[in-house]
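**Student:** Dropping a structure here in C-alpha cells format, bear with me for questions.
The values are calculated or read from the model by the stated rules, or taken from the named source; none is laboratory data. It should be emphasised that the depicted structure is a prediction, and the values quoted were computed from it without experimental measurement. Every residue, glycine as well, gets a Cβ built from its backbone with ideal geometry; the counts of neighbours run over all protein chains shown. Just the protein is used for accessible areas: all its heavy atoms, side chains included, with ligands, DNA and RNA removed. Shrake-Rupley method; radii C 1.70, N 1.55, O 1.52, S 1.80 Å.
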Amino acid sequence: MPNNIKLVNADTLYPYNSRIIGAYLKFIVAHYPYIDIYELLKFAGMTAYEVEDHGHWFSQSQVDRFYNKLVEITGDDRLARKAGQYMALSEASGEIKYYFLGFMGLMNSYKMVSKAAKSLTKSTTFEVKPLSENSLEIIVNQIEGYSENEYQCQNRMGMFEAIAALLKKDNAVIEHPECMFQGNNCCRYVISWGESSTKRIRRIRNFLIPIFIAPSVLAVFNIDAAPPLSVGLMASIIMILIFNLIVSDIDKKELKSALETSNRSPEKWIDQININYNNNLLSYEIGQVISQHTSIDDVLSSVVNISEKRLDFDRGAIFLVDKFRKKLIYRAGFGYIDKYLRLLKEVEFHIDKENSKGVFVKSFREQIPLLVNDIERVEKDLSPKSLVFSKSLGSQAFICCPIIYEGESMGIIVADNVNSRRNLTQSDLSLFMGIASAIGNSLKTVELFEIKEKQFKSTFEVLASSIDARDTLTAGHSETVAKYSVEICNAMGLGTEYTEVVRLAALFHDYGKIGIPDSVLKKEGPLTDEEYLMIQTHAVKSRELLEKIAFEGSYQKIPIIAGAHHEHMDGNGYPDGLVGLEIPLGARIIAVADYFEALTAKRHYRNPMSIYSAVTQLILASGDHLDEEIVNIFILYLEKEHGVKLGTPPLAV
C-alpha cells in the first residue's frame with residue numbers, strides 16, 4: 001500500500017458517484033484483465049449492482065479501500081492518473097466525453113469541469129478562472145466534513161491532461177503549483193496552451209506582407225528600377241497568395257475538425273430531448289389510463305401496452321407478490337416470444353427463502369432499483385438459478401424496479417434489451433421508478449376498490465336472497481336468473497363490467513316483491529285482475545328501491561335494467577310500454593333468463609316444464625315478447641350445457 005494514502009473514517013458520508021468506480025473498472029478490464037473484479041468490489045464493501053446504478057454514491061472509506069487494494073494488486077502507484085486519462089480518452093467517459101467535446105476550445109471545456117464535477121463528487125468544489133487568452137487556472141477546494149486523499153488529486157490531473165488531448169492541444173502544459181496534500185489550502189492547476197496553427201501562420205503572413213509590398217512602393221519612385229522590381233512585385237504577390245492559401249486550408253481543417261467534434265454532442269442532446277419528451281408522454285398516458293380501470297389485470301395490461309409503444313426496450317414484464325407473500329408471479333409483459341413467456345409463467349421467485357438472492361428478490365426485499373448494463377459483471381452476485389434464468393432469456397442489460405406503496409413491496413417491474421446495444425442510463429432508471437410508483441398507487445387503489453366491491457356485492461346477494469327466501473318454491477330464483485344472464489352476456493361478448501351490472505340487476509329484478517302480500521305472492525290458484533296488477537307493481541318498486549342506493553359509474557344503470565325486465569319487444573309489456581331497442585339490453589337479457597327459469601321451476605300453480613317444452617315456449621315468445629337474437633344465443637348455451645339437441649324432443653331430460 002502506498003505510504004501517501006491514508007484511510008479516512010468517513011462511512012457516514014457518501015460523496016462519490018458510482019460512475020467514478022465504473023470508469024475505474026473499465027480501465028481495469030482494458031489494462032489488467034487478470035484482476036478479479038468481484039473480489040475487489042467485495043473487499044471495498046461494494047457490489048456490482050451498486051456500481052451499475054448511476055444513482056448510487058460511495059463513501060470515502062469505500063473508495064479508499066477500492067483504490068488501495070487496486071494499487072496493491074497492480075503495484076502501480078500512478079494508477080489514479082492513468083485512470084483519469086482513460087476516463088476521458090476512452091469510451092469509459094460516455095456522455096461526459098461528448099459533453100466536453102461539444103464545446104469548441106479548451107477554455108470553454110475546462111469551464112464545464114466544475115459543472116460536470118457536481119454530478120460525480122460532493123467532496124470538493126471547482127472554480128475555473130481565465131488568466132489570459134491561452135491560459136487558465138482551476139482551483140479545487142475541499143468541502144468541510146470531507147477528507148480526500150492524494151490519489152484523487154492525481155486522478156484529476158489525468159482528467160485535465162486527457163481533455164487537452166481530446167481537443168488535440170498537444171502543446172498544452174498543465175502545472176500543479178499548489179496542492180492541499182503538500183500543505184497548501186487548495187489544489188491549484190494552471191493550464192496553458194500555445195496559439196493555434198492558423199493564428200501563427202496569419203501572424204507570419206501579416207509580418208511579411210509589408211516586406212513583400214515594399215519593392216512595389218519603391219518602384220513608384222524609381223522608374224529605372226522598375227524591371228527588376230516588377231519581378232519582385234510579382235514574386236511578392238505570389239508569396240502572399242501562397243500564405244493565404246495555407247491559412248485558408250488550415251482554417252478549413254480546423255473548422256472541419258471542430259464541427260465533427262461538436263456535432264456529436266448536439267445530436268446526442270436532440271436524441272435525449274426526444275427521449276425525455278417520450279418518457280413524459282409515457283408517464284402521462286400511464287397515469288391517465290390506470291386511473292380509469294378498476295381491476296388489477298386491466299391496469300397491468302394498460303401499463304405494458306403503453307410501455308411497449310413508448311419505451312426504448314425490447315421486452316418488459318411485471319411481477320406481483322402472491323396473496324401469501326411467498327413468491328413473485330408473472331402477471332403481464334411485452335416483447336417475449338412464446339418460449340420465454342412460458343418460462344416466465346413457470347418460474348418461481350421465492351421471497352420467503354433466506355438463501356434466495358436473485359436480482360428480482362433483492363430488488364423486492366431491499367426496495368432498491370437495479371440497473372445492469374453487462375450481466376457478466378454481476379454474475380457472482382446472482383444465485384445459480386437466477387444466472388441460468390437470465391441466460392435462458394438471453395438478457396444482456398436490464399432494469400429492475402420495486403413496486404412499492406407506503407413502504408410495502410407489492411411486486412417489481414423489469415425491462416431488458418436483447419437486440420438493442422444501447423446502454424441503459426440513470427434517466428431510464430428514474431423513469432421506471434416513476435412508473436413503478438404509479439403502478440403501486442393504482443394497485444392499492446384497485447385493491448381497496450375490490451375489497452369495497454366484494455363487500456358491496458355480498459351485501460347485495462344477501463338482500464336478494466332474502467326476497468326468494470319468503471317462499472321455499474322460489475328460493476334460488478334470482479341466483480339462477482343471474483347465472484343465466486351472465487352466460488348470455490359472455491356468449492354475446494359483452495365486457496366484464498357490463499356483465500357485472502347485468503348480474504346485479506338480475507339478482508334484484510324481483511326485489512320490489514318485498515311489498516307484495518304473501519297471500520298474493522304465494523297464491524296457488526289463478527290471480528284476479530286486481531292481484532295481477534298488484535304483482536306488476538314489483539317492477540316499478542324494484543326500480544324505485546334500487547334508485548335509493550348511491551350507485552356509481554356504470555352501476556347507475558342497475559335500477560333501470562332491473563325495472564324493465566317485464567317490458568315486451570312489441571310494447572305490450574310493463575311498466576312503461578317500451579318497444580324494441582328502447583328496452584335496455586341488460587333488461588332484454590334478464591327477460592329471457594327469467595322467462596326460462598320461471599318455466600322450468602315449480603310454482604304454486606303448476607309443475608315445472610321440461611327443457612324441451614320450455615325452449616319451445618321461448619321460441620314462441622321470441623319476436624313479440626322476447627328478443628329473438630338473445631333467445632337463439634340462450635338456446636345454443638342450453639344445448640352446450642346439457643348436451644341436448646333442442647331441435648327434437650330428448651328421450652329424457
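**Student:** Mind checking the full-extension length gain between ILE514 and TYR405? Use 0.36 nm per residue of separation minus the Cα-Cα distance, one decimal, nm.
**Tutor:** Working: separation 109, 0.36 × 109 = 39.24 nm, distance 4.49 nm.
Full extension from ILE514 to TYR405 adds 34.7 nm.
**Student:** How many nm is it between the label spots at TYR32 and ASP529, if each spot is 7 Å from the Cα in line with the beta carbon?
**Tutor:** So the two model labels end up 10.8 nm from each other.
**Student:** Mind listing the long-range amide H neighbours of ILE403? Cut-off is under 5 Å, sequence gap 5 or more, other chains count too, H placed in the peptide plane at 1.01 Å from N.
**Tutor:** MET410, GLY411, ILE412, ILE413
**Student:** Something else: Express the accessible area of the range 548-593 per residue in Å², computed with a 1.4 Å probe while the remaining protein chains stay in the model.
**Tutor:** Numbers: 1980 Å² over 46 residues.
Value for the range 548-593: 43 Å² per residue.
**Student:** If you roll a 1.4 Å probe over the range 394-455 with all protein chains in place, what percent of the accessible area is carbon or sulfur?
**Tutor:** Details: 1400 of 2660 Å².
Carbon with sulfur: 53 percent of the solvent-accessible area.
**Student:** Per-residue HN-Hα couplings for the range 129-145, Karplus 6.51 cos²θ - 1.76 cosθ + 1.60 at θ = phi - 60°, whole Hz, x for Gly and Pro?
**Tutor:** Calculated HN-Hα couplings, in order: 10, x, 9, 7, 5, 10, 7, 7, 10, 10, 10, 10, 10, 7, 6, 4, x Hz.
**Student:** List the residues whose amide H sits under 5 Å from the amide H of ILE351, counting only those 5 or more places along or on another chain, with H placed 1.01 Å from N in the peptide plane.
**Tutor:** LYS327, LEU328
**Student:** For the range 346-357, in order, what is each residue's ³J(HN,Hα) by Karplus, 6.51 cos²θ - 1.76 cosθ + 1.60 with θ = phi - 60°, in whole Hz (x at glycine and Pro)?
**Tutor:** Running phi through 6.51 cos²θ - 1.76 cosθ + 1.60 with θ = phi - 60° gives 8, 6, 10, 10, 6, 9, 9, 9, 5, 7, 6, 9 Hz.
**Student:** Here is a further query. What's the FRET efficiency of ALA165 with GLU641 using the Cβ-Cβ distance as r and R₀ = 51 Å, to the nearest 0.05?
**Tutor:** Numbers: r = 81 Å, r/R0 = 1.59.
Once the sixth-power term is evaluated, E becomes 0.05.
**Student:** Using r as the Cβ-Cβ distance of SER458 and GLU544, and R0 as 22 Å, what FRET efficiency do you calculate, to the nearest 0.05?
**Tutor:** Details: r = 23 Å, r/R0 = 1.07.
In this case the efficiency is close to 0.40.
**Student:** Hey, another quick one. Of all accessible surface on the range 521-653 at a 1.4 Å probe, what whole percent is carbon and sulfur? Display every interim value, and only then the final one.
**Tutor:** On the way: 3890 of 7100 Å².
Carbon-and-sulfur percentage of accessible area, whole number: 55.
**Student:** When the Karplus curve 6.51 cos²θ - 1.76 cosθ + 1.60 is applied with θ = phi - 60°, which whole-Hz ³J(HN,Hα) does each residue of the range 533-547 get, with x for Gly and Pro?
**Tutor:** Along the range 533-547, the couplings run 5, 5, 4, 4, 5, 5, 5, 5, 5, 4, 4, 5, 5, 5, 5 Hz.
**Student:** Near GLY55, within a Cβ-to-Cβ distance under 13 Å, what is the net charge of the other residues, with Lys and Arg +1 and Asp and Glu -1?
**Tutor:** Details: positive: ARG19; negative: GLU50, GLU52, ASP53, ASP428.
Around GLY55, the charge tally is -3.
**Student:** What aspartates and glutamates sit close enough to LYS602 to cross-link, taking a C-alpha to C-alpha distance under 19 Å and skipping anything fewer than 8 places away on the same chain?
**Tutor:** ASP468, ASP471, GLU479, ASP510, ASP518, GLU524, ASP594
**Student:** Any idea how far apart ILE143 and LYS353 come out in nm if each label point goes 7 Å out from Cα toward Cβ?
**Tutor:** About 4.4 nm separates the two model spin labels.
**Student:** Now for a different question. Let me check something: with ligands and nucleic acids excluded, how do TYR38, TYR189 order by accessible area (1.4 Å probe), largest to smallest?
**Tutor:** Values: TYR38 75, TYR189 0 Å².
In descending accessible area the options line up as TYR38, TYR189.
**Student:** LYS645: accessible area at probe 1.4 Å, nearest 10 Å²?
**Tutor:** Counting only protein heavy atoms, LYS645 exposes about 140 Å² to solvent.
**Student:** Work out how much length ARG342 to SER554 would gain on full extension: take 0.36 nm times their residue separation and subtract the Cα-Cα distance, in nm to one decimal.
**Tutor:** Working: separation 212, 0.36 × 212 = 76.32 nm, distance 3.61 nm.
Taking 0.36 nm per residue and subtracting the Cα distance, the gain is 72.7 nm.
**Student:** Please say if the range 464-554 is rounded, prolate or oblate, where rounded means a/c under 1.5 for a ≥ b ≥ c the square roots of the C-alpha gyration tensor eigenvalues, and otherwise the choice is prolate for a/b larger than b/c and oblate otherwise? Let's see the in-between values first.
**Tutor:** On the way: a/c = 2.35, a/b = 1.72, b/c = 1.37.
Prolate.
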